[in-house]
1. Taking the conditions exactly as written (in a loop (DSSP other than H, G, I, E, B) and within 14 Å of the ligand (Cβ to nearest atom)), does residue 206 satisfy them or not?
2. Working only within the stretch 105-125, note down all residues that are part of a loop (DSSP other than H, G, I, E, B) and without any contact (Cβ under 8 Å) to a residue 40 or more places away in the chain.
3. Pull out all pairs, ordered by first then second residue, where Cβ-Cβ is under 6 Å, the residues are six or more apart or on different chains, the first lies in the stretch 197-211 and is under 16 Å from residue 13 (Cβ atoms) and without any contact (Cβ under 8 Å) to a residue 60 or more places away in the chain, and the second is within 14 Å of the ligand (Cβ to nearest atom) and in a strand (DSSP E or B).
4. Are any residues in the stretch 218-235 surrounded by fewer than 22 Cβ atoms within 10 Å (Cβ to Cβ) and more than 9 Å from the ligand (Cβ to nearest atom), and if so, which ones?
5. Pull up the stretch 151-192, narrow it to residues that are without any contact (Cβ under 8 Å) to a residue 12 or more places away in the chain, part of a helix (DSSP H, G or I) and loosely packed, with under 15 Cβ neighbours inside 10 Å, then point me to the one that is farthest from the ligand (Cβ to nearest atom).
6. Which condition number in (1) under 15 Å from the mean Cα position of the chain (by Cα); (2) under 25 Å from residue 73 (Cα atoms); (3) surrounded by 18 or more Cβ atoms within 10 Å (Cβ to Cβ) is the one that residue 129 fails?
7. Does the stretch 76-89 hold any residues that are within 20 Å of residue 56 (Cα to Cα) and either in a loop (DSSP other than H, G, I, E, B) or more than 16 Å from the ligand (Cβ to nearest atom) (or both), and which are they?
8. What are the residue pairs meeting all of these: first residue in the stretch 47-65, first residue on the phi < 0 side of the Ramachandran plot and at pLDDT 95 or above, second residue part of a strand (DSSP E or B) and surrounded by fewer than 19 Cβ atoms within 10 Å (Cβ to Cβ), Cβ atoms under 7 Å, and 6 or more apart or on different chains?
Ligand SMILES: *Cc1c(COP(=O)(O)O)cnc(C)c1O
């Protein structure tokens with residue numbers, strides 16, 4: 001578990017590198033949000049980190065989201081759902097997070113829309129793209145984006161805000177950068193559809209090992225876990 005001081009130093013360093021990458025791309029550093037990917041981290045760790053220069057929190061599991069948000073661990077900062085969302089957990093997640101970044105099927109999309117309708121709210125979503133076409137990964141293929149975007153546009157209680165991806169873990173840096181560039185191309189094409197309700201301004205990509213490349217290619221949210229909190233210990237949680 002990282003100490004307060006370690007986390008503070010880490011976030012300061014990440015912010016400096018984020019700003020440098022943004023400026024190198026001719027972008028305003030304020031246009032890139034830092035999402036702390038806090039799966040497996042305790043309520044206490046997350047609460048300590050919320051005092052730092054973090055914009056929002058990303059959770060992968062409904063139970064952790066519920067536990068930490070009920071405990072007030074985010075100190076009022078927004079949270080996003082970034083993991084694979086099982087349809088039987090949708091009701092517990094919709095309305096609790098400001099954005100669901102990992103919508104990757106029409107079935108899930110309809111469940112999220114129905115839950116948002118019941119609560120009388122509009123849920124912001126991203127569509128997750130499996131940019132490396134990996135058999136084991138969630139996310140739709142780039143071709144699969146279009147029917148899903150149409151379905152989101154037609155859904156009364158969803159607002160499509162853009163795209164999210166996790167590139168293949170073993171890829172070389174130039175390959176990863178090319179995947180990020182491909183994502184930017186998809187977002188541009190999505191914007192060119194000129195949908196009525198969609199507001200595709202968000203590109204969530206880049207993690208501890210590759211966030212600078214992601215920012216150079218247009219990321220507006222980077223999701224960072226290990227570089228803030230240290231290595232994850234999956235064994236320490238029940
Ligand atoms: C865990 C996770 C991250 C952060 O990964 P790190 O390599 O620890 O920075 C980002 N996005 C998603 C979807 C994750 O599950």
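The values are calculated or read from the model by the stated rules, or taken from the named source; none is laboratory data. Quick caveat, the model's predicted, so the values are computed rather than measured. Cβ coordinates were reconstructed from backbone atoms using ideal geometry, including for glycine residues, and neighbour counts include every protein chain displayed.
1. yes
2. Within the stretch 105-125, 120, 121, 122 meet the criteria.
3. Close Cβ pairs satisfying both conditions: 206/222; 208/224.
4. 218, 220, 230, 233, 234, 235
5. For the stretch 151-192, the residue satisfying everything is 154.
6. Going through the list (1) under 15 Å from the mean Cα position of the chain (by Cα); (2) under 25 Å from residue 73 (Cα atoms); (3) surrounded by 18 or more Cβ atoms within 10 Å (Cβ to Cβ), residue 129 breaks only (2).
7. Hits for the stretch 76-89 are 76, 77, 78, 82, 83, 84, 85.
8. Once the first residue is on the phi < 0 side of the Ramachandran plot and at pLDDT 95 or above and sits in the stretch 47-65, its partners that are part of a strand (DSSP E or B) and surrounded by fewer than 19 Cβ atoms within 10 Å (Cβ to Cβ) give 55/33; 56/33.
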